[in-house]
Amino acid sequence: MTIKLIASIAIAASVAFASAPAMAGNDIWIDQYGFGNTAGGGQVGNNNLIGVFQDGVFNDVVTQQFGDGNTAAVGQEGWNNEAETHQNGDYNSAGVGQFGSNHDAILTQDGNGNVAAGVQVGNDCNANVAQNGAGNTAAFVQVCP
């Protein structure tokens with residue numbers, strides 16, 4: 001549990017740190033370990049960042065960014081986890097950490113300056129966060145059996 005807590009804090013800190021405006025072009029980094037993991041998505045705009053880490057089997061990530069200065073970070077360890085982030089606007093931040101099996105998370109942001117982050121631990125957790133407007137903040141932690 002200590003490792004999961006540290007990982008959760010690290011994800012939250014990286015989302016908070018990365019929400020500051022970037023001074024360069026769009027960036028994407030993907031690290032995958034295991035078997036059958038997939039990651040995809042796209043960026044339209046400037047100074048957007050996507051980061052993906054997956055360790056396990058059959059994990060899936062889709063991230064889409066339209067606008068400037070958006071950040072999306074997803075970390076998954078386990079089996080058959082799915083995460084999606086959709087950002088439309090400027091300076092939005094989204095982060096998902098999933099540990100275990102069969103989790104689903106969808107974070108959708110339409111507006112400017114929104115922050116959404118969450119952690120799911122165990123098996124079969126589901127989360128769907130939708131933010132419209134400006135300056136919204138949402139956070140969730142779920143522990144499922």
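In the range 61-82, the qualifying residues are those that are touching an Asp or Glu at 6+ places or on another chain (Cβ under 6 Å) and on the phi > 0 side of the Ramachandran plot, and the one that is surrounded by the fewest Cβ atoms within 10 Å (Cβ to Cβ) is Gly67. Against the criterion of being under 15 Å from the mean Cα position of the chain (by Cα) and at pLDDT 95 or above, Asn132 does not qualify. Across the range 13-29, the qualifying residues are those that are at pLDDT 95 or above and surrounded by fewer than 17 Cβ atoms within 10 Å (Cβ to Cβ), and the one among them that is farthest from Gln76 (Cα to Cα) is Asp27.
Kindly check whether there is at least one residue in the range 69-82 that is touching a His at 6+ places or on another chain (Cβ under 6 Å), free of Cβ contacts under 8 Å to residues at least 40 places away in the same chain and within 18 Å of Ala117 (Cβ to Cβ). Yes: the range 69-82 contains one or more residues that are touching a His at 6+ places or on another chain (Cβ under 6 Å), free of Cβ contacts under 8 Å to residues at least 40 places away in the same chain and within 18 Å of Ala117 (Cβ to Cβ).
The values are calculated or read from the model by the stated rules, or taken from the named source; none is laboratory data. A quick note: this is a predicted structure, and the numbers were derived from the prediction, not measured. Cβ coordinates were reconstructed from backbone atoms using ideal geometry, including for glycine residues, and neighbour counts include every protein chain displayed.
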